[in-house]
1. Name the residues in segment 82-106 that are farther than 24 Å from VAL193 by Cβ and of a type in the set (Val, Ile, Thr), would you?
2. More than 16 Å from the chain's Cα centre (by Cα) and modelled with pLDDT under 90: which single residue out of ALA135, ALA200, ALA233 fits that description?
3. In segment 33-64, how many residues are surrounded by 16 or more Cβ atoms within 10 Å (Cβ to Cβ) and under 14 Å from ILE8 (Cβ atoms)?
4. State all residues of segment 96-120 that are within 21 Å of SER139 (Cα to Cα), buried (at least 19 other Cβ atoms within 10 Å of the Cβ) and not hydrophobic (A, V, I, L, M, F, W, C); if no residue qualifies, say none.
5. Being among the acidic types (Asp, Glu) and more than 11 Å from LYS61 (Cα to Cα) is the filter; apply it to segment 1-29 and report the residue that is surrounded by the fewest Cβ atoms within 10 Å (Cβ to Cβ).
6. So if I check each of ILE28, ILE18, which one is β-branched (Val, Ile, Thr) and farther than 20 Å from GLN195 by Cβ?
7. For segment 132-237, which fully contained strands (runs of 3 or more DSSP E) count at least 2 residues that are aliphatic (A, V, I, L, M) and surrounded by 14 or more Cβ atoms within 10 Å (Cβ to Cβ)?
8. Regarding ASP68, is this residue surrounded by 13 or more Cβ atoms within 10 Å (Cβ to Cβ) and of a type in the set (Asp, Glu)?
Amino acid sequence: MSDPILKIEKLSYHYGQIIALENISLHINPGEIVSLVGANGAGKTTLLRAISGLGKPKSGKIVYDKKDITNYSAQKKVLSGIAQVPEGRGLFTVLNVEDNLLLGAYSRKDKQIRSDLEDIYRRFPILEEKKEQYAGTLSGGQQQMVAVGRALMSRPKLLLLDEPSMGLAPIIVEEIFDIITNLREQGVTIFIVEQNAYLALKHSDRTYVLENGKIVQEGKSTQMLNDKGIIEAYLGG
């Protein structure tokens, strides 16, 4: 079996005196979709911020592609092959769609940027139709497509998704998760943070459960879908 593409070892993260994450350990194998579920305030977004370099852990280690990247800057992590789609999408609303997408390739100097942009348009035809439109005028689903497309423009090996279903109609959510599954088939490893536990379990290979900054359960997603404790705690069963 190949080494994990991402391995987190005993990671702790504090906001002043507040312990947001405590001794978190998890791993993601190449080609997997792994989800992290938990209630609001459990520490899910904090963990993604630590992985992507937007915050500095108190202790522990983040190993990506066999390298210790714990103290890498966010830019260096992007250059290493990690991209994040943030909660709330984080678009530049007064820039048009195409400019938002091209910002995802800001660190690249190769000659394939334009061809990658065309690939994004093939993946999301509606974005090509609206490429000159301000991103802030798009629907929520279209904005999420821009956010995913922007991340893909950096050619990531590991894609971090923070609450991809937030604020979207159910039919659009299914479309977004179909896209996520398709990305995995094209070789992108995916880590999803999602409050909608049913969606996360349905569309992932393995799942970690986070409560009060600690991993309290982990396992195959299909098994967790039939776990009475998980159903009662997170699926409204």
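1. Result: VAL94, VAL97.
2. Working: ALA135 fails: modelled with pLDDT under 90; ALA200 fails: more than 16 Å from the chain's Cα centre (by Cα).
Checking each option against the conditions leaves just ALA233.
3. In the first step, residues of segment 33-64 are kept if they are surrounded by 16 or more Cβ atoms within 10 Å (Cβ to Cβ); the result is 33-38, 42-53, 55, 57, 60, 62-64.
Adding the requirement that they be under 14 Å from ILE8 (Cβ atoms) leaves 34, 36, 43-44, 46-53, 55, 57, 60, 62-64.
Here the count works out to 18.
4. Answer for segment 96-120, where residues must be within 21 Å of SER139 (Cα to Cα), buried (at least 19 other Cβ atoms within 10 Å of the Cβ) and not hydrophobic (A, V, I, L, M, F, W, C): GLU98, ASN100, GLY104.
5. First, the residues of segment 1-29 that are among the acidic types (Asp, Glu): 3, 9, 22.
Filter once more, so that each one left must be more than 11 Å from LYS61 (Cα to Cα): 3, 22.
Working: ASP3: 11, GLU22: 18.
Checking each candidate, the answer is ASP3.
6. Working: ILE28 fails: farther than 20 Å from GLN195 by Cβ.
After applying the criteria, what remains is ILE18.
7. Values: elements: 158-162, 189-193, 206-211, 214-220.
The qualifying strands (runs of 3 or more DSSP E) are 158-162, 189-193, 206-211.
8. Numbers: surrounded by 13 or more Cβ atoms within 10 Å (Cβ to Cβ): no; of a type in the set (Asp, Glu): yes.
For ASP68, the condition - surrounded by 13 or more Cβ atoms within 10 Å (Cβ to Cβ) and of a type in the set (Asp, Glu) - is not met.
The values are calculated or read from the model by the stated rules, or taken from the named source; none is laboratory data. These numbers were taken from a predicted model, which means no experiment stands behind them. Every residue, glycine among them, receives a Cβ derived from its backbone with ideal geometry; neighbour counts consider all protein chains shown.
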